[in-house]
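See structure below.
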Amino acid sequence: MYKETVLPRILEQVVNCKDEIAQGYLMDCIIQVFPDEYHLQTLETLLGACPQLQPSVDIKMVLARLMERLSNYAALSTDVLPEFFQVEAFAKLNSAIGKVIEAQEDMPIAGVVTLYSSLLTFTLHVHPDRLDYVDQILGACVKKLSGKGKLKDSIATKQIVALLSAPLEKYKDIDTALKLSNYPHVMEHLDDATSKEMANVLVQTILKNKTCISTDEKVEALFELMKGLIRDLDENLHDEFDEEDFKEEQNSVSRLIQMLHNDDPEEMLKIICTVKKHIVTGGPKRLPFTVPPLIFNSLKLVRRLQNQDENAPEEETSAIPKKIFQILNQIIEALSSVPVPELALRLYLECAEAANDSDLEPVAYEFFTQAYILYEEEISDSKAQVTAIQLIIGTLQRMHIFGVENRDTLTHKATGYSAKLLKKPDQCKAVYSCSHLFWVDDQDSIKDGERVLLCLKRALRIANAAQQMSNATRGSSGSVLLFIEILNKYLYFYEKGVTQITVASIQSLIELITTEMQSENKTADPAADALLASTLRYIQFQKDKGGAVGEKYESIKS
């Protein structure tokens, strides 16, 4: 009855009234009042009336409302979907939209995109498995946008963002979006600020769904879509630069880079090269964010290769790490344009340690050389120098790959840097830290008690000079904290069996500290008091242990 009598009579009245306001209102009433299944079964009749309405009627809104109603109906239950297939709803709506757009040549772009956005939402509800339909809609949109360049109309750009976000929300999988050939072509029409916003939506979708992008082609396609976040598209954007937003965006990109993974080393190497190609164009502001995650993701591959079957031929297992280290060297060099020497130095040392574990001595030595050059030429701030020296000493101590000559060269440099630090207390700490470079537990070749003692004596001389300077400038002898720290080093090496560290030297150091603590012009220092009390407690604890350790400590009078 509705199909044959009611609807045709109502539509006849609507068309004949010739009043644009009434026609728009009445069409909306029909769509909102009658049940969804009625609309589905009379779709052809309803759509057939649209071209007969007055040219000034907003047909795009009529169609958008109809598709919204049908989308909600399809979303209610999968049981109703066969009805949609039976009446070929997609084909009819697609055809109707095409005719409306063709008939209204002056329809604004925002209207066109609104129609396609509504059709896309409808398609994702009714035909979620038909990616070809989704791509067809995007293709039709691209066709209408061609020749328009980047859109300036804010309503149109909002609609395009909605259009591009819909597949991501539906499939929750960036892989699907990357399969849509027209997806990037639609993005090309966004202005730079909106392109950046859309890129952010893509990244957040990947992070939220923990999607693993595992092929070189997909990474290439994704980074092309994300170019708004990876490089400056427009120099004018710096006028509205927001530091907090920028950091948040770049941290998201960094997390994304860490998520890229493939079990096949060859394929993973290709992914690393692709990411490198994109991020080196990022400019000085972005590199400090994007370089470290790529370095660590690459080192993850190196470590994975180390743990693989050791029976594999050496050429096979060492070729990829060598290539990776070459790439890493180039990536860290890119940071020199920023410049962030402290960060670059840390990364060189990380790579040196990985090269050490891969048994690549020349590579490890080269990374150390680069770190030393950075230290000498770029790092001038005294605090940064102290941190850098401690990192260099700590990393060098863990290296087992170096031959005698190379190790001596690097160790000599490190001890030289330590003794040249500006502040005496910093000098002292760096020099006593160097003592660990000459005595490594698990390496018999690096056990030189003489040089350990030499470092500790040198540290004592510097500590003494620091006290004298404090006496001369402040009228008080300053803290004895440095002496207590050196005493701890003496005890450490004494316990490790360094014969050059004798009970007599430990005893004389304890007495020196005690005398200084009781001195009249000593500055009160709770930290020094606490450390000395802990040290003396430790000596007593070792004595109470008994056995070989207790015997060793028995002769130390505390």
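Values as computed for the structure displayed
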| item | result |
| --- | --- |
| Pairwise FRET efficiency - residue 22 versus residue 79, Cβ, R0 = 35 Å, nearest 0.05 | 0.40 |
| Computed over the range 118-208, Kirkwood Rh from alpha-carbon pairs, angstrom | 13.3 Å |
| Inter-probe distance in nm under a simple model that places probes 7 Å from Cα toward Cβ, at residue 412 and residue 555 | 3.6 nm |
| Set of aspartates and glutamates with alpha-carbon distance to residue 545 below 18 Å, sequence-local pairs under 8 removed | 495, 554 |
| With eigenvalues of the C-alpha gyration tensor scaled by 5 and rooted, the range 24-97, Å | 21, 13, 10 |
| Calculated P(r) tail over 21 Å for the range 70-229, as whole % of Cα pairs | 47 percent |
| Reduced Cα scattering model of the range 51-92, Debye log10 I(q)/I(0), q = 0.14, 0.18, 0.19 Å⁻¹ | -0.42, -0.62, -0.66 |
| Stokes-Einstein D for the range 148-285, Kirkwood Rh over Cα pairs, 10 °C, 1.306 mPa s (µm²/s) | 102 µm²/s |
| Nitroxide proxy distance, nm - points 7 Å out along Cα→Cβ at residue 95 and residue 245 | 4.6 nm |
| Principal axis box of the range 275-383, alpha-carbon based, largest edge first, Å | 47, 29, 18 |
| Candidate lysines - alpha carbon under 18 Å from residue 429, same-chain residues fewer than 8 apart omitted | 383, 413, 420, 457, 489 |
| Backbone N under 19 Å from the residue 44 label point (7 Å along Cα→Cβ), restricted to the range 84-103 | 84-100 |
| Bins of 5 Å from zero: percent of alpha-carbon pairs in the range 173-227 | 4, 19, 32, 28, 13, 3 |
| Exposure ranking of 376, 405 by accessible area [1.4 Å probe, largest first] | 405, 376 |
| Solvent-accessible heavy-atom area per residue, rounded to whole Å², over the chain at 1.4 Å | 49 Å² |
| Residues in the range 450-472 that a label on residue 515 would reach, taking backbone N under 19 Å of a point 7 Å out along Cα→Cβ | 457-472 |
| Cα-based Rg / Dmax (Å) for the range 421-485 | 13.9, 47 |
| Segment residue 263-residue 86, length gained on full extension (0.36 nm per residue, minus Cα span) | 59.2 nm |
| Extension reserve of the residue 102-residue 529 stretch, reckoned as 0.36 nm per residue once the Cα distance is removed | 144.9 nm |
| Kirkwood Rh (inverse of mean 1/r, distinct Cα pairs), the range 266-307, angstrom | 10.9 Å |
| In Å², nearest 10: area of residue 242 left accessible to a 1.4 Å probe | 70 Å² |
| Computed E for residue 72/residue 359 - FRET, C-beta separation, R0 41 angstrom, nearest 0.05 | 0.05 |
| Viscosity 1.002 mPa s, temperature 20 °C, Stokes-Einstein D of the range 1-158 from Kirkwood C-alpha radius, µm²/s | 131 µm²/s |
| Cα-based reach from residue 285 at 22 Å (exclusive), listing lysines while leaving out same-chain residues under 8 positions away | 196, 227, 247, 276, 277 |
| Stokes-Einstein translational diffusion, the range 71-117 - Kirkwood Rh over all Cα pairs, 0.890 mPa s, 25 °C, in µm²/s | 200 µm²/s |
| In Å², nearest 10: area of residue 461 left accessible to a 1.4 Å probe | 150 Å² |
| Normalised alpha carbon radius of gyration of the range 455-558 [divisor 2.2 N^0.38 Å] | 1.12 |
| Probe 1.4 Å - accessible area at residue 404, Å² to nearest ten | 120 Å² |
| ³J(HN,Hα) computed for each position of the range 291-300 - Karplus, 6.51 cos²θ - 1.76 cosθ + 1.60, integer Hz, glycine/proline x | 5, x, x, 5, 4, 6, 5, 5, 5, 4 |
| The chain, Cα convex hull volume normalised per residue, Å³ | 240 Å³ |
| Residues residue 132 and residue 376, FRET efficiency given R0 of 56 Å [Cβ-Cβ distance, rounded to 0.05] | 0.35 |
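The values are calculated or read from the model by the stated rules, or taken from the named source; none is laboratory data. The structure presented is a predicted model; accordingly, all values stated were derived computationally and were not measured. Neighbour counts run over all protein chains shown; Cβ positions are idealised from the backbone, glycine included. Side chains are part of the model used for accessible areas, which takes the heavy atoms of the whole protein and leaves out ligands, DNA and RNA. Shrake-Rupley method; radii C 1.70, N 1.55, O 1.52, S 1.80 Å.
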